[in-house]
Amino acid sequence: MSSSANNKDPNQAMREQVCQEFHGSVTIVVLGASGDLAKKKTYPALYNLYRDGFLPEKTRIVGYARSKLSHEDFIQRVTGYIKSPSSDKLSEFKNMLSYHQGLYDQDESFQALDKHIKELEEQRDIEPGSRHRIFYMALPPSVFIPVAQHLRRNAYAKEGINRVVVEKPFGRDLASYQEMSKELGSLFTEKEIYRIDHYLGKEMVKNLMMVRFANIFFSNSWDRKYIDSVQITFKEPFGTEGRGGYFDEFGIIRDVMQNHLLQILSLIAMERPISTEAEAIRDEKVKVLKCITPVSLDNALLGQYVAANGKPGYLDDETLKNKQSVTPTFAALVLWIQNERWEGVPFILKAGKALNEAKVEVRVQFRNVAGNLYRGTPRNELVLRIQPDEAMYVKFNNKQPGLSYHTIQSDLDLTYQNRYTDLAIPEAYESLLLDVLRNDHSNFVRDDELAAAWKIFTPLLHQIDQGDPNIHIEHYDYGSRGPAVLDEFVKAYGYDRSTKNYSWPIQSVSAEKNRL
Ligand code: BG6
């Protein structure tokens, strides 16, 4: 992870880094190339990297999947989601692509893949020692390990670097993760493995360390003495629509909390790493995760959406096999970090499908001002909006402009759209694939990090899976803010929602009349 500003164009420095790593050539193999992830995320991200000059000159991209597809059909499928491509660049990009059909559990298929890659290497005159391969596994969990085994046996580069990029789900609980990790670890080294959590590629998430550690006023108030609670919220305005079959196996806790929201939490809560090196950062993330006690049912609110506002309920999803499913589509879970910095500060993770809006944000609420001269003034809050429309603002108390000596709540606002010209925020996958090319593991999840993450959620997940009689699922309407008891639940952990006459982003001065 590069740490500070310098005079060199940072993009150029990254291009040079990629060049040094790969000596100008690499073959990227996308396994599961006919699937949704590949066409919607992987190929568009690779195109953008190509367009911006980040792919080594002699790159080839080989798609591998079971589907029988002609070259043309394949090309059409994987380039259909590229946003506003330039026609020249797109046709150059298409020339880098090929498709290789094969099975996921047969040596012969992978030997044929190896042969195909070798032919491409010969065509490009690539020297031994520079025959590098990146394997991107955009695969369903059932074939993940067999594919890794076959790759290792039949298509591992013997004359170059190997990198393997893997996607969640990484198991269903601690035991299944450990089994998977043992298997994968026997095939590839930890250095070769890049476990993607795409939230780590989002702009605001990548910004968290800088906000915390490059600003003295945050670094000095970042603890239990000043912070009352932290909320990390994930809201989606759509339900599982057609994806219920998959979702029902996992539920919202496994789908977004154990990974995306917990990653955000660890960046918010970890101690300062000794450097910006990947392992230094990941060491601190693991340390803080190990201080979190497993989340208990007493600290949980679970919910499932029902039909409302003309939209179907979760159980109406046609792809759902179990029509009595109690899989949560909403959860609010409170995590406690048992260390000197955070003891007693609730970290409230909230996530739900089929809610009233699309939003992911972190809300750090500070404590009341002790001996406050201006009684009744609301607490300070730092809000980091991860999506949509990246923004960061601090809610603070200000004198009401004019003759009055009343206080008014306003904000110090850094909304990216308003502040930065030429704003071009890359897709998470683009940024992460570039990190793979640059050999930077900072934004990937380490093996021990995942084990620590699973330890936090496994007991609760087992209670839910086993239908523990103490589990209660609240119903909420499609399109609502979540279960009706949510505000009460959050309030019980000290969150103060008072925002008298505050409105975002513009507010009237005269609206505020009731301050002392
Ligand atoms: C995925 C989940 O990991 O993240 C999905 O499986 C969820 O259920 C998605 O919709 C959210 O990602 P983003 O980038 O759209 O916020």
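Evaluation of Tyr314 against the conditions (1) open to solvent by 10 Å² or more (accessible area, probe 1.4 Å); (2) within 24 Å of Ser480 (Cβ to Cβ); (3) of a type in the set (Ser, Thr, Tyr) shows that the sole unmet condition is (1). When the range 181-204 is filtered for residues that are in a loop (DSSP other than H, G, I, E, B) and either more than 16 Å from the ligand (Cβ to nearest atom) or over 22 Å from the mean Cα position of the chain (by Cα) (or both), the ones remaining, listed by number, are Phe188, Thr189.
Within the bounds of the range 382-392, is there any residue that is within 16 Å of the ligand (Cβ to nearest atom), out of contact with any helix residue (DSSP H, G or I) (no Cβ under 8 Å at 6 or more places or on another chain) and free of Cβ contacts under 8 Å to residues at least 60 places away in the same chain? Yes; the residues of the range 382-392 include at least one that is within 16 Å of the ligand (Cβ to nearest atom), out of contact with any helix residue (DSSP H, G or I) (no Cβ under 8 Å at 6 or more places or on another chain) and free of Cβ contacts under 8 Å to residues at least 60 places away in the same chain. Taken together, the criteria exclude Asn207 from residues that are part of a helix (DSSP H, G or I), surrounded by 19 or more Cβ atoms within 10 Å (Cβ to Cβ) and not β-branched (Val, Ile, Thr). Would a scan of the range 189-205 turn up a residue that is closer than 19 Å to Thr327 by Cα and of a type in the set (Ser, Thr, Tyr)? No; the residues of the range 189-205 include none that is closer than 19 Å to Thr327 by Cα and of a type in the set (Ser, Thr, Tyr). Kindly check whether there is at least one residue in the range 261-272 that is more than 16 Å from the ligand (Cβ to nearest atom) and open to solvent by 40 Å² or more (accessible area, probe 1.4 Å). Yes, that holds for at least one residue. Here Phe250 meets the list (1) aromatic (Phe, Trp, Tyr); (2) crowded, with 18+ Cβ neighbours inside 10 Å; (3) assigned to a helix (DSSP H, G or I) almost entirely, failing just condition (2).
Each row is one residue, and each column tells you yes or no for (1) touching a Ser or Thr at 6+ places or on another chain (Cβ under 7 Å); (2) modelled with pLDDT under 95; (3) open to solvent by less than 10 Å² (accessible area, probe 1.4 Å).
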{"residue": "His198", "(1), (2), (3)": "no, no, no"}
{"residue": "Lys202", "(1), (2), (3)": "no, no, no"}
{"residue": "Phe217", "(1), (2), (3)": "no, yes, no"}
{"residue": "Asn220", "(1), (2), (3)": "no, yes, no"}
{"residue": "Asp223", "(1), (2), (3)": "no, no, no"}
{"residue": "Tyr226", "(1), (2), (3)": "no, no, no"}
{"residue": "Gln231", "(1), (2), (3)": "no, no, yes"}
{"residue": "Phe238", "(1), (2), (3)": "no, no, no"}
{"residue": "Gly242", "(1), (2), (3)": "yes, yes, no"}
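Scanning the range 339-358 turns up one or more residues that are within 16 Å of the ligand (Cβ to nearest atom), open to solvent by 10 Å² or more (accessible area, probe 1.4 Å), farther than 21 Å from Ala307 by Cβ and outside any loop (DSSP other than H, G, I, E, B). Cβ-Cβ contacts under 7 Å between residues 6 or more apart (or on different chains), taken from a first residue in the range 435-447 that is on the phi > 0 side of the Ramachandran plot to a second residue that is open to solvent by 20 Å² or more (accessible area, probe 1.4 Å) and among the charged types (D, E, K, R), are listed as Asn439/Glu21. The condition (being assigned to a strand (DSSP E or B), of a type in the set (Lys, Arg) and more than 16 Å from the ligand (Cβ to nearest atom)) is satisfied by just one residue among Arg379, Arg363: Arg363.
For the range 326-338, the set of residues classified as more than 16 Å from the ligand (Cβ to nearest atom) and open to solvent by less than 30 Å² (accessible area, probe 1.4 Å) consists of Ala332, Leu333, Val334, Leu335, Ile337, listed by residue number.
Annotation: Tyr177 fulfils all but one of (1) open to solvent by 30 Å² or more (accessible area, probe 1.4 Å); (2) within 26 Å of Gly245 (Cβ to Cβ); (3) not small (Gly, Ala, Ser); the unmet one is (1). Let me confirm something: among Val230, Val295, which residue is among the hydrophobic types (A, V, I, L, M, F, W, C), part of a loop (DSSP other than H, G, I, E, B) and more than 16 Å from the ligand (Cβ to nearest atom)? The conditions single out Val295. For the condition buried (at least 17 other Cβ atoms within 10 Å of the Cβ) and assigned to a strand (DSSP E or B), Arg172 does not qualify.
For the range 468-486, a tally of residues being open to solvent by less than 50 Å² (accessible area, probe 1.4 Å), of a type in the set (Gly, Ala, Ser) and part of a loop (DSSP other than H, G, I, E, B) returns 2.
Within the range 137-157, the set of residues being open to solvent by 50 Å² or more (accessible area, probe 1.4 Å) and at pLDDT below 95 comprises Pro140, Pro141, Ser142. Taking the criterion of being open to solvent by 30 Å² or more (accessible area, probe 1.4 Å), more than 16 Å from Leu151 (Cα to Cα) and in a helix (DSSP H, G or I), the residues of the range 113-136 that qualify are Glu119, Glu122, Gln123.
The values are calculated or read from the model by the stated rules, or taken from the named source; none is laboratory data. All of these numbers come straight from a predicted model, not from anything done at the bench. Glycine gets a Cβ as well: all are built from the backbone with ideal geometry, and neighbour counts include every protein chain shown. Keep in mind that these areas ignore ligands, DNA and RNA; they rest on the heavy atoms of the full protein, side chains included. Shrake-Rupley method; radii C 1.70, N 1.55, O 1.52, S 1.80 Å.
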